Structure formats: structure tokens, C-alpha cells
Amino acid sequence: MASLSFNTTRIKQPITNFTSFTKKIQFNHSFQFSTKKPTNQKIRTSHFPPCFSVSESSVSPSPLETETEEAVFDEEGEDPTAELSYLDPETDPLGITDWEVDFCSRPILDIRGKKIWELVVCDDSLSLQYTKYFPNNVINSVTLKDAMVSICDELGVPLPDKIRFFRSQMQTIISRACKELGIKSIPSKRCLSLLLWLEERYETVYTRHPGFQKGSKPLLALDNPFPMELPENLYGEKWAFVQLPFSAVQEELSYLDTRFGATLDLDLLGIEVDDKTLIPGLAVATSRAKPLAAWMNGLEVCSIEADVAKASLILSVGISTRYIYATYKKTPDTTVEAEAWEAAKKACGGLHFLAIQDDLDSDDCVGFWLLLDLPPPPV
């Protein structure tokens with residue numbers, strides 16, 4: 001069983017009826033790509049540092065009684081209206097080259113009765129953490145650009161080479177600010193540190209803020225569009241539901257310096273996996289394995305989902321792009337297999353992988369991506 005320390009309420013299901021990945025990880029049959037369409041895991045507590053440098057909030061708090069604010073502060077020990085500017089003193093600032101950014105409204109009202117906006121910035125290791133509130137009438141690329149420069153000035157870090165963000169509605173503002181500063185902006189849901197931090201902040205900060213509005217829906221909801229036809233350059237020839245012991249997954253990830261793919265910082269995410277725990281995945285075989293892996297490497301692969309109702313596999317990439325990755329003939333047996341694969345994913349806390357190979361019987365992978373299903377943040 002597996003779970004994330006940031007989200008301990010997710011229901012786990014036992015892994016069932018998979019064959020060994022070491023025997024080339026497939027069921028008794030594999031399905032053709034459509035030519036028409038395209039063991040034990042422990043919870044670790046995540047620790048976020050205190051606000052070593054707190055600036056005065058850019059937004060006036062909600063007009064509640066001072067006694068209420070003081071009561072909240074005294075009860076919990078931390079001020080939910082405080083802003084955060086933190087750099088791990090043991091981290092080399094020059095080593096932080098990628099940021100994860102969210103710039104969005106929060107379920108908090110200011111003195112005017114308008115939603116407060118917040119900039120949240122971190123790197124994938126959470127060595128850099130920064131938050132700042134803004135009134136809703138200054139939300140533009142200039143404000144964001146100036147704020148990013150301020151982060152560098154306050155913390156003594158250089159501007160990043162890349163910035164990842166996960167809200168499609170903010171793409172214009174973020175991309176424009178990044179372009180002005182010579183930063184590459186990458187729309188991607190692989191902002192896992194940021195997503196989990198937002199979930200944690202919702203519970204420990206936003207809900208305790210004196211201006212918090214319970215039941216308030218996110219102003220910028222995440223997209224989940226209908227899947228599209230798969231581009232021809234992403235086609236494989238065969239695929240199979242598969243599984244690997246976690247020790248074998250780690251071995252595959254150790255070769256990423258010489259192959260295509262991506263990994264996750266499981267220690268940071270609070271995931272501890274026993275070496276014998278079976279991790280579900282999808283193996284794709286094609287004579288064009290290297291070109292296919294190269295194309296996939298530029299897509300910010302997020303997750304793979306088995307759509308049992310429509311007998312298809314859905315590949316999610318970037319922010320909101322979803323492809324019909326493959327289809328199969330719907331039968332009682334294939335339905336059971338797909339359901340078992342999804343149940344195995346849930347049992348691993350959403351952890352799964354994509355492997356691209358020359359042949360399903362090959363011992364080598366050309367590309368290997370470690371993936372994680374996460375629910376959207378509550379803000």
C-alpha cells in the first residue's frame with residue numbers, strides 16, 4: 001500500500017493479478033495501437049520552514065475583529081496572513097535553475113470584499129519558497145515580472161532558466177513575464193512540489209486566514225478537456241499493461257543520464273516504497289523507439305489513465321492536453337485487466353510509469369518516465 005504524506009485520506013486498493021515485470025511485464029496478450037485513433041509504503045511528515053523573512057502583506061486583511069486574528073495566531077502558533085521568503089542556507093543559490101510558479105486568486109477576501117491573489121514560487125526540492133499576496137487590481141505580467149526580480153534580490157538567487165506552471169488561464173501573463181526576463185516558460189502539471197505545497201497551504205494557511213471564504217470555488221479551475229486524436233509521430237506499435245518491483249524501477253531511473261525520460265523526488269514527496277512493492281506501468285514497443293522517446297521527452301508527460309468505459313488509454317501531457325493513446329477491444333477480460341491496472345495505481349498512491357522499448361521482450365528501455373496521479377489542488 002502506498003500514500004503521500006501530503007494527502008493521507010486517499011483510499012488504497014491491493015495490487016492484484018499482475019505478472020512479473022522481470023518476465024517482460026505483459027498479460028497473456030497485448031493490444032495493438034489503433035490506426036484510426038490514435039509493498040509497503042510509509043507516510044513521512046513534510047516539514048516546511050518558518051517564515052524567516054516576512055514582508056508586510058500587500059493586501060489589507062478582511063475587516064474582522066483584531067481579537068479574532070490574535071486568537072487564530074495564538075491558537076496555531078503561526079500567522080496565516082504572513083508572507084514567506086525563504087532559501088535553505090545549505091543550498092547553493094546557483095544550483096536552483098528551475099522554478100515552479102502559481103499566480104492565482106485564493107479563497108480569501110480583502111477589506112474591499114475582493115479575492116486576494118497570491119504568488120507562490122518554489123523549486124522542485126523546496127529549497128526556495130516564496131509567497132506574496134496581491135490585490136486583484138494589479139494582476140498583470142509587469143507585476144509578476146517585478147515580483148520575480150524581487151525574489152532574486154531578496155534571496156540572492158539568480159533568475160531561473162525555466163519556470164513551470166500548471167494553470168492554462170495564466171499562460172499569457174506568465175509567458176510574457178518570463179519572456180521579458182529571458183526565462184523559458186513551460187506549461188506542465190509536473191509541478192508536483194508546488195501542487196502538494198498548495199494543498200498543504202490550503203489546510204494550514206488559507207483556511208485559518210481571517211478572510212477565508214468557506215466553499216469558495218477556485219477562480220481559475222483546472223482544465224480537463226476531451227482527449228484528442230494522437231499525432232502520428234507519437235504512435236507506437238504494441239503496448240502492454242506491466243509492473244516492476246520498485247527496486248527495478250529505481251534501476252531504470254538510474255540510467256536517465258543516458259536515455260530519455262524523467263523521474264520524481266519521492267523522498268521530497270513523502271513517499272517511501274519497499275523495494276518489493278510492484279509499481280504498475282505501461283510498456284510501449286516500436287521499431288521507432290528512439291524517435292518516439294525523443295518526441296515524448298519534449299511533452300512534459302504527466303500521467304496515463306485507463307478509460308474503462310471507452311476501452312482506451314488516455315495520455316496527459318503539458319497542462320491540459322489529453323490524447324487517446326491507444327484503444328482496445330472491450331471484452332470482460334480486457335475490462336478486468338484495465339480495472340486491475342487502475343486499482344494498482346491507486347494502491348501505489350498514483351505512482352506509475354511509462355516505458356518505451358524496441359520490443360516488449362527486450363531487457364532494455366529507450367525511454368522511462370516515472371509518473372504520478374494527483375488530484376487538482378483545492379485552490
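The values are calculated or read from the model by the stated rules, or taken from the named source; none is laboratory data. These figures come from a predicted structure and were not determined experimentally. Quick reminder, even Gly has a Cβ in these numbers, built from the backbone with ideal geometry, and neighbours come from all protein chains shown.
Assorted remarks:
- Criterion violated by Met170 - all others in (1) at pLDDT below 95; (2) outside the structural domain of Phe134 (by TED's automatic domain parsing); (3) not β-branched (Val, Ile, Thr) satisfied: (2)
- Of everything in region 125-151 that is in contact with a strand residue (DSSP E or B) (Cβ under 8 Å, 6 or more places away or on another chain) and either of a type in the set (Asp, Glu) or in a strand (DSSP E or B) (or both), the residue that is farthest from Leu192 (Cα to Cα) is Phe134.
- Filtered by the rule that a residue be among the hydroxyl-bearing types (Ser, Thr, Tyr) and either in a strand (DSSP E or B) or modelled with pLDDT of 95 or more (or both), region 335-379 gives a lone residue, Thr335.
- Of the residues making up region 101-124, just one is in contact with a helix residue (DSSP H, G or I) (Cβ under 7 Å, 6 or more places away or on another chain), outside any strand (DSSP E or B) and either closer than 20 Å to Glu200 by Cα or not assigned by TED's automatic domain parsing to the domain that holds Lys189 (or both), namely Asp124.
- Top-ranked residue of region 260-289 - restricted to ones that are among the small types (Gly, Ala, Ser) and in a loop (DSSP other than H, G, I, E, B), ranked as surrounded by the fewest Cβ atoms within 10 Å (Cβ to Cβ): Ser287
Conditions tested, residue by residue: (1) acidic (Asp, Glu); (2) within 26 Å of Asp267 (Cα to Cα); (3) surrounded by fewer than 18 Cβ atoms within 10 Å (Cβ to Cβ).
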{"residue": "Trp117", "(1), (2), (3)": "no, no, no"}
{"residue": "Asn136", "(1), (2), (3)": "no, no, yes"}
{"residue": "Val142", "(1), (2), (3)": "no, no, yes"}
{"residue": "Cys152", "(1), (2), (3)": "no, no, yes"}
{"residue": "Pro160", "(1), (2), (3)": "no, yes, no"}
{"residue": "Arg167", "(1), (2), (3)": "no, yes, no"}
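- Complete set of residues in region 176-234 that are closer than 26 Å to Asp146 by Cα and assigned to a strand (DSSP E or B): Lys184, Ser185, Ile186, Pro187
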